[in-house]
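Chemist: This is the structure I have questions about; it appears just below.
The values are calculated or read from the model by the stated rules, or taken from the named source; none is laboratory data. The model shown is predicted, which means the values in this text are computed figures rather than measured ones. Here Cβ is always computed from backbone atoms with ideal geometry, including for glycine, and neighbour counts include all displayed protein chains.
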Ligand SMILES: [Zn+2]
């Protein structure tokens, strides 16, 4: 009896989404992610969050051209940040009972 080879067809997932992670201007960790949401054909909004220091900026880029790439948003954010105009918020750090974050 021949061995039956279980051939599972593994279709490699094509990940189109490029990880849009940049260096955070505040804590300089490379965990600054920029999420762009398209509102319609022409306008979009972007939210900037840092996974390390909890920085959030969801006010400065609520109305950007839909053609903007995360890198464009990042460049503008750096400008704002450096001029002290960025509306940065802190992520509400949950002070749960000694739960270790990874
Ligand atoms: Zn940060």
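Chemist: Only one of these is away from the ligand (no atom under 16 Å from the Cβ) and modelled with pLDDT of 95 or more: 14, 85. Name it. Working first, answer last.
Modeler: Numbers: 14 fails: modelled with pLDDT of 95 or more.
Being away from the ligand (no atom under 16 Å from the Cβ) and modelled with pLDDT of 95 or more holds for just one of 14, 85, which is 85.
Chemist: Does residue 9 count as modelled with pLDDT under 95 and away from the ligand (no atom under 16 Å from the Cβ)? Let's see the steps before the verdict.
Modeler: Values: modelled with pLDDT under 95: yes; away from the ligand (no atom under 16 Å from the Cβ): yes.
Judged against the criteria, residue 9 is a match.
Chemist: Do you know which of the residues in the range 49-61 that are buried (at least 19 other Cβ atoms within 10 Å of the Cβ) and more than 10 Å from the ligand (Cβ to nearest atom) is farthest from residue 20 (Cα to Cα)?
Modeler: The selected residue is 60.
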